[in-house]
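Below is one structure, written out as structure tokens, with a few remarks after it.
The values are calculated or read from the model by the stated rules, or taken from the named source; none is laboratory data. Keep in mind it's a predicted model, so treat the numbers as computed, not measured. Cβ sites come from the backbone with ideal geometry, for glycine too, and all protein chains shown count toward neighbours.
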Amino acid sequence: MGVEWFGLGYAALVTSGGIIGYVKAGSVPSLAAGLLFGGLSGLGAYQMSHDSKNILVSLIASGTLAGVMGYRFYSSGKFMPAGLIAGASLLMLGRLGLKMLEKPHDS
């Protein structure tokens, strides 16, 4: 199995977004959410690196973020940070959907 680079990049984006929100605005909820969901996304990417069908943690993290940040983007109309994270989460959900449709590889 190869390393799940897309998932690790997504985890880094989410984590760094939380850290930036804290540094720029002093938002402790942004920091907590960024660390929580970034950590879950990193764990999901790690699991997918070992078994490409093990997508549950990634699916929960990216699905939750797509919903929450999509709602925030819709309500505020501001692309940063809600629209960016919602868009990245939708891309991640699409990737996970493709992973579910892949046929198993023979070892």
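Restricting attention to region 1-18 and to residues that are more than 15 Å from Pro81 (Cα to Cα) and of a type outside the set (A, V, I, L, M, F, W, C), the residue that is surrounded by the most Cβ atoms within 10 Å (Cβ to Cβ) turns out to be Gly7.
When Gly70 is tested against (1) surrounded by fewer than 20 Cβ atoms within 10 Å (Cβ to Cβ); (2) in contact (Cβ under 8 Å) with a residue 24 or more places away in the chain; (3) part of a helix (DSSP H, G or I); (4) small (Gly, Ala, Ser), only condition (2) is not met. Note on region 73-107: residues that are among the basic types (Lys, Arg), in contact with a helix residue (DSSP H, G or I) (Cβ under 9 Å, 6 or more places away or on another chain) and outside any helix (DSSP H, G or I) total 1. Of all residues in region 11-32, at least one satisfies being closer than 14 Å to Leu96 by Cβ, at pLDDT 95 or above, out of contact with any Lys or Arg (no Cβ under 9 Å at 6 or more places or on another chain) and small (Gly, Ala, Ser). Residue check: Gly70 meets all listed conditions (1) over 19 Å from Ala32 (Cα atoms); (2) modelled with pLDDT of 95 or more; (3) touching a helix residue (DSSP H, G or I) at 6+ places or on another chain (Cβ under 6 Å); (4) not aliphatic (A, V, I, L, M) but one, namely (1).
Scanning region 34-54 for residues that are in contact (Cβ under 8 Å) with a residue 40 or more places away in the chain, part of a helix (DSSP H, G or I) and surrounded by fewer than 19 Cβ atoms within 10 Å (Cβ to Cβ) gives Tyr46, Ser49, His50. Of all residues in region 19-33, those satisfying the criterion of being part of a helix (DSSP H, G or I), out of contact with any Phe, Trp or Tyr (no Cβ under 8 Å at 6 or more places or on another chain), surrounded by 14 or more Cβ atoms within 10 Å (Cβ to Cβ) and not aromatic (Phe, Trp, Tyr) are Ile19, Ile20, Gly21, Ala33.
Would you check if Val57 is buried (at least 20 other Cβ atoms within 10 Å of the Cβ) and touching a helix residue (DSSP H, G or I) at 6+ places or on another chain (Cβ under 6 Å)? So Val57 fails the test.
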